[in-house]
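Q: Quick one: this structure, given as structure tokens, is what I'll be asking you about.
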């Protein structure tokens with residue numbers, strides 16, 4: 001294996017940024033933290049004596065993963081004191097057609113919430129193996145564990161993720177059609193049409209973070225979800241404009257008032273009915289959407 005030459009290859013290491021950012025975001029659910037983590041990894045890279053580094057990508061992935069594990073441990077206390085339900089920061093994406101279904105699954109809000117069940121190292125091992133297809137031996141080196149321990153860690157993580165609520169990966173076109181029907185039913189104030197789109201166990205999760213008005217608890221059941229949604233639409237609908245976009249690799253909605261982003265809405269659907277609605281109103285989590293789609297792996 002040839003030794004990495006920093007003089008001729010240093011600019012090329014920047015091509016690994018989307019992968020590092022994708023790992024950081026999935027670990028932390030916070031784009032600002034993920035970008036800061038990637039910046040720190042590159043800062044360490046440029047400060048490091050790299051003469052003996054054979055594989056820059058592996059070196060950067062190791063540093064980024066360890067930074068993410070440390071940051072996730074520190075974030076646990078903040079999550080416990082968070083006001084109301086916590087949702088990951090919305091990320092605008094423009095997935096390539098051949099990656100669309102896969103991207104919608106491994107960037108979905110549903111998966112990111114299920115990853116919250118995992119300890120930091122379990123989460124890292126799961127993502128490295130099942131999302132980034134990293135070998136068990138390489139993961140063992142990154143986490144300073146034996147390969148057998150990593151295999152067991154990934155197995156436990158898969159069981160915990162599978163043991164959560166079922167996830168749905170509807171084709172993007174079916175999700176977009178359902179989204180249109182959903183917005184149309186709300187705009188027409190059609191109670192029955194809204195109810196017809198909601199699955200029996202539908203949930204509505206609103207993240208205001210104590211900085212915007214939002215339900216402090218997850219709302220469960222078609223009737224309660226319908227009444228909440230229609231109440232908001234009746235009160236604020238004339239002031240808002242809903243625009244279709246892509247968030248988390250799937251069709252979604254951004255809602256604006258006076259050209260200012262008010263909230264985002266992501267649906268989890270099987271293509272026929274809506275099983276979960278995730279709405280982010282916390283202004284701290286909405287600021288970065290103005291920057292456009294994210295280049296993320």
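Q: Which of the residues spanning the range 125-142 are touching a helix residue (DSSP H, G or I) at 6+ places or on another chain (Cβ under 6 Å) and farther than 15 Å from residue 159 by Cα?
A: 128, 131, 134, 136, 137, 139, 140, 142
Q: Right, next: For residue 147, state whether it is under 30 Å from residue 243 (Cα atoms), surrounded by fewer than 20 Cβ atoms within 10 Å (Cβ to Cβ) and assigned by TED's automatic domain parsing to the domain that holds residue 62.
A: Criteria not met by residue 147.
Q: Additional query: Does residue 115 satisfy the criteria of being buried (at least 19 other Cβ atoms within 10 Å of the Cβ), modelled with pLDDT of 95 or more and either within 18 Å of the chain's Cα centre (by Cα) or closer than 15 Å to residue 27 by Cβ (or both)?
A: no
Q: Moving on to the next point. Show the residue pairs that are 6+ apart or on different chains and have beta-carbon atoms under 8 Å apart, the first residue being within the range 27-52 and closer than 18 Å to residue 69 by Cα and assigned by TED's automatic domain parsing to the domain that holds residue 287, the second being at pLDDT 95 or above and not in a helix (DSSP H, G or I).
A: none
Q: Do we have any residue at all in the range 166-177 that's touching a helix residue (DSSP H, G or I) at 6+ places or on another chain (Cβ under 9 Å), modelled with pLDDT under 95 and in a helix (DSSP H, G or I)?
A: yes
Q: Okay, next question. What number of residues in the range 228-257 are touching a helix residue (DSSP H, G or I) at 6+ places or on another chain (Cβ under 9 Å) and either assigned to a strand (DSSP E or B) or surrounded by fewer than 16 Cβ atoms within 10 Å (Cβ to Cβ) (or both)?
A: Summing the residues that are touching a helix residue (DSSP H, G or I) at 6+ places or on another chain (Cβ under 9 Å) and either assigned to a strand (DSSP E or B) or surrounded by fewer than 16 Cβ atoms within 10 Å (Cβ to Cβ) (or both) in the range 228-257 gives 14.
Conditions tested, residue by residue: (1) at pLDDT 95 or above; (2) more than 19 Å from residue 282 (Cβ to Cβ); (3) under 16 Å from the mean Cα position of the chain (by Cα); (4) not in a loop (DSSP other than H, G, I, E, B).
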position	(1), (2), (3), (4)
13	no, yes, no, yes
44	no, yes, no, yes
57	no, yes, no, yes
60	no, yes, no, yes
66	yes, yes, no, yes
73	no, yes, no, yes
84	no, no, no, no
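Q: Within the bounds of the range 127-138, is there any residue that is within 17 Å of the chain's Cα centre (by Cα) and at pLDDT 95 or above?
A: The answer is yes; a qualifying residue exists.
The values are calculated or read from the model by the stated rules, or taken from the named source; none is laboratory data. Model, not experiment: these values are computed from the prediction. Glycine gets a Cβ as well: all are built from the backbone with ideal geometry, and neighbour counts include every protein chain shown.
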